[in-house]
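What follows is a short report on a single structure.
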Amino acid sequence: MIDKQNRQINYLRISVTDQCNFRCTYCMPEEGVSCIANEERLTFEEILKICRSGAALGIQKIKITGGEPLVRKDLPVLIKQIKEIPGIDEVTLTTNGFLLADKIEDLVNAGVDRINVSLDTLRNDRFKEITRIDGLDKVLAGIHKAMTYPLKSLKINCLVAKYFNDDELCDLGRLAKFGKVSVRFIELMPIGMGHKLESMSKEKIKFKLEEEFGLLKPYSGKMGNGPAKYYEIEAFKGKIGFISAVSECFCEECNRIRLTADGFLKLCLHSKEGVDLKRLLRAGITQDKLTQVIAEATAKKPVHHHFNDLGINNIEDKIMAQIGG
Ligand code: SAM
Ligand code: SF4
């Protein structure tokens, strides 16, 4: 699918639920947010119908996310069915890792290709403060177990903010030393509770890592489907990546659209523009017509996000767990 900016759109991120077993301070208020009613959540059949239309239009990569995707019952069944759709090359998963040890076997058997685990700290007390759950050991156990499976990649996504976890960057980066995982540092976006923290630039993070580990050499190989920039460190087997959506806007190369758990096709993370596919699905839309609706909507994908602009209308006001991070 090509949009009006001539961008090739081949990547669909699907939020399978807006529910989560964590309450990360930068993502959700402690009391959580009101979740969509069960009957408003897309069924697997509805998600598959959208995936089939997407595949017909050139979607090759699907990311399963949330909320926390592993709290959705029978997720491996969905993954297996998506993998069977002709044209879909890869199904990947982003998770907080809490249920990963229990589910990894089924996920791998279902054919999941890559897994990203979000982990912002290696300190127990801080983990509890950030996620409001006592779960670091379970997440680490999930990562260690996942390392024993032949995934195309296993990555740790670490959100960085000043006075939050910036004293742990080297400890987190060191996880990539032995090569079973790569570590990516994610720039905070001014979304939801993220407004309350102060982001840290890629250059500052890189400087801290270089002080400890030596030169970070740009890596030009392909590492997944997204906008991350990767670096190599001598003596490190895994890579170090950076995703800096605000300070290094990658909208010109954006290849993705998003589906929320209640069936809204979002054209940009940071915009309300899109189309309510659930309404159409439940009104009995045919596969061909659905394909046409997705193609027409995608053509109108916004040119870029507005993180750095003030006073723009139509900006998304949902939190990441509701959008599908
Ligand atoms: N629950 C899963 C997880 O945590 O990996 C998947 C959904 S979560 C919303 C996806 C990612 O969004 C996480 O890595 C999280 O750190 C990130 N995230 C949440 N709020 C953010 C913000 N304001 N800025 C940048 N990333 C954010
Ligand atoms: Fe849940 Fe992920 Fe949001 Fe944390 S970042 S509260 S794990 S959805």
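The values are calculated or read from the model by the stated rules, or taken from the named source; none is laboratory data. Computed from a predicted model, the values in this text were never measured in an experiment. Please note: Cβ atoms are built from the backbone with ideal geometry, for glycine as well, and neighbour counts cover all protein chains shown.
Remarks
- Every residue from segment 116-125 that is more than 13 Å from ligand 2 (Cβ to nearest atom) and either closer than 30 Å to Lys152 by Cβ or in contact (Cβ under 8 Å) with a residue 40 or more places away in the chain (or both): Leu122, Arg123
- Boolean, Thr95 is in contact with a strand residue (DSSP E or B) (Cβ under 7 Å, 6 or more places away or on another chain) and either under 15 Å from Arg184 (Cα atoms) or charged (D, E, K, R) (or both): yes
- Ala295 in a helix (DSSP H, G or I), out of contact with any Pro (no Cβ under 7 Å at 6 or more places or on another chain) and not hydroxyl-bearing (Ser, Thr, Tyr): yes
- Single residue of segment 235-256 satisfying the filter (at pLDDT below 95 and outside any loop (DSSP other than H, G, I, E, B)) that is nearest to Lys202 (Cα to Cα): Ile243
- The residues of segment 86-108 that are away from ligand 2 (no atom under 16 Å from the Cβ) and within 13 Å of the chain's Cα centre (by Cα) amount to a single one, Val91.
- Reported count of residues in segment 57-77, each being under 20 Å from Ser153 (Cβ atoms) and surrounded by fewer than 22 Cβ atoms within 10 Å (Cβ to Cβ), is 3.
- Meets criteria (away from ligand 1 (no atom under 16 Å from the Cβ), crowded, with 18+ Cβ neighbours inside 10 Å and not hydrophobic (A, V, I, L, M, F, W, C)) for Gly54: yes
- Residue that is surrounded by 22 or more Cβ atoms within 10 Å (Cβ to Cβ), within 16 Å of ligand 2 (Cβ to nearest atom) and among the small types (Gly, Ala, Ser), where the choices are Gly173, Gly192: Gly192
- Residues of segment 187-229 that turn out to be closer than 29 Å to Arg23 by Cα, in contact with a strand residue (DSSP E or B) (Cβ under 9 Å, 6 or more places away or on another chain) and of a type outside the set (D, E, K, R), as a count: 15
- Meets criteria (over 17 Å from the mean Cα position of the chain (by Cα), more than 19 Å from Asp167 (Cβ to Cβ) and assigned to a loop (DSSP other than H, G, I, E, B)) for Lys217: no
- Residues located in segment 64-79, provided they are more than 17 Å from Arg114 (Cβ to Cβ), among the β-branched types (Val, Ile, Thr) and within 13 Å of ligand 2 (Cβ to nearest atom): Val71
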